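Visitor: Please find one structure pasted underneath; my questions will follow.
The values are calculated or read from the model by the stated rules, or taken from the named source; none is laboratory data. Source: prediction; values computed, not measured. A quick note on method: Cβ atoms are made from the backbone with ideal geometry, for glycine too, and the neighbour counts reach across all protein chains shown. SASA here: full protein model, heavy atoms, side chains in, ligands and nucleic acids out. Shrake-Rupley method; radii C 1.70, N 1.55, O 1.52, S 1.80 Å.
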Amino acid sequence: QVQLVESGGGLVQAGGSLRLSCAASGRTFSSAAMGWFRQAPGEEREFVATISWGGGNTYYADSVKGRFTISRNNAKNTVTLQMNSLKPEDTAVYYCAAADSSAISIATIDYKYWGQGTQVTVSS
């Protein structure tokens, strides 16, 4: 069992930065790939970034590549999403998720545990 709590969302102007954090509890955290997803109003939940259990393998959605960075600290049971050069289209609720395997994935179906989400709003 893994419990996930996101923090760090808020309101920022276009071009600004935010740092999202996900605190995880549960003994399986260090063996699970982790991901960030987002969901805008009226839209489906979409993949943002993922990181392997050891942190050595990452993958990003094309829309955020070069602007967002995912990282993890298994000693502290945390996953972070650093978001730079934010755009109004990045506005969404951002969710942290833990996969049921160590392999990275962009599919929501591969993630077994989800946080409650944190709102990110980027004004133009």
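Visitor: Every residue in region 90-104 that is closer than 10 Å to A32 by Cβ, in a strand (DSSP E or B) and not small (G, A, S), please. Outline the logic, then answer.
Guide: Restricting attention to region 90-104, the residues satisfying the condition of being closer than 10 Å to A32 by Cβ are 97-103.
Adding the requirement that they be in a strand (DSSP E or B) leaves 97-99.
Matches in region 90-104: none.
Visitor: Condition first: touching a residue at least 60 places away in the same chain (Cβ under 8 Å) and outside any strand (DSSP E or B). Now tell me which residues in region 27-47 satisfy that.
Guide: T28, F29, S31, A32, A33, R45
Visitor: Now for a separate question. Of the conditions (1) surrounded by 14 or more Cβ atoms within 10 Å (Cβ to Cβ); (2) in contact (Cβ under 8 Å) with a residue 60 or more places away in the chain; (3) more than 15 Å from L20 (Cα to Cα), A107 fails just one. Which one is it?
Guide: Every listed condition holds for A107 apart from (1).
Visitor: In region 48-71, which residues are under 9 Å from the mean Cα position of the chain (by Cα) and either polar (S, T, N, Q) or assigned to a loop (DSSP other than H, G, I, E, B) (or both)?
Guide: T50
Visitor: In region 33-49, what residues are open to solvent by less than 30 Å² (accessible area, probe 1.4 Å) and touching a helix residue (DSSP H, G or I) at 6+ places or on another chain (Cβ under 7 Å)?
Guide: Within region 33-49, F37 is the sole residue that qualifies.
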